[in-house]
Amino acid sequence: MPSNDTLYEAKVTAVKLMGKVSYTYLGLINKLVSKGYSEDIATEVAEHYKMLGYLDDADYAEKYIKDAVTFKFHGPKRIRHELMLKGVDEFVIEDVMSELDIDFDEVLKELAENRVDFSKLKDYRYRQKIVALFTRKGFGFEQINNVLEYEDEL
């Protein structure tokens, strides 16, 4: 059984960490383990702060999604993937995304308006570069084709 001193130190470390950066439940555990605490201690600390309301994966996901859409123009596939890598449950991600009700077609149109020279879209290589960019951003081929075809008509 871990000593109270070790548990206390881990809690203090967690507070310092959470004061600088937002963490998911799993993210805090991983960070504490990387700082040298056992997985049992890290899990106990994360549970403690989760019960107090300082760790909320849904809240984390909501903020992450809003930032990813607003500042990075990321699509749904990339957002889901990155949140899952951070340890957010896929059901939490889906719940938050449905609550936010983001129109990713509009996000992609705005990205296209900022990044695409529509006069060059007839050039195969340029079009492939744009498709690759939008794919990396996390948009599906159907969405990409719809936006590029729509903009071609303008």
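The values are calculated or read from the model by the stated rules, or taken from the named source; none is laboratory data. Predicted model only: the values in this text are computed from it and were never measured. Here Cβ is always computed from backbone atoms with ideal geometry, including for glycine, and neighbour counts include all displayed protein chains.
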Exercise. State yes or no: is V92 touching an Asp or Glu at 6+ places or on another chain (Cβ under 7 Å), buried (at least 16 other Cβ atoms within 10 Å of the Cβ) and either not aliphatic (A, V, I, L, M) or not assigned by TED's automatic domain parsing to the domain that holds A14 (or both)?
Key: yes
Self-check item: Residue selected from the range 111-150 under the condition assigned to a helix (DSSP H, G or I) and loosely packed, with under 11 Cβ neighbours inside 10 Å, by the criterion modelled with the lowest pLDDT
Solution: E149
Exercise. Could you grab me the full set of residues in the range 52-82 that are more than 18 Å from G19 (Cβ to Cβ) and not in a helix (DSSP H, G or I)?
Key: F73, H74, G75
Practice problem: Starting from residues that are closer than 24 Å to V131 by Cα and free of Cβ contacts under 8 Å to residues at least 12 places away in the same chain, keep the ones in the range 86-112 and report whichever is farthest from the chain's Cα centre (by Cα). | Solution: E106
Practice problem: Could you check, for the range 72-88, whether at least one of its residues is exposed (fewer than 13 other Cβ atoms within 10 Å of the Cβ) and β-branched (V, I, T)? | Solution: no
Quiz item: Within the range 16-50, can you find the residues that are β-branched (V, I, T), surrounded by fewer than 12 Cβ atoms within 10 Å (Cβ to Cβ) and assigned to a helix (DSSP H, G or I)?
Solution: none
Quiz item: In the range 62-85, which residues are of a type in the set (G, A, S) and over 9 Å from the mean Cα position of the chain (by Cα)?
Solution: G75
Quiz item: Inside the range 5-37, can you point out the residues that are at pLDDT 95 or above and polar (S, T, N, Q)?
Solution: T13, T24, N30, S34
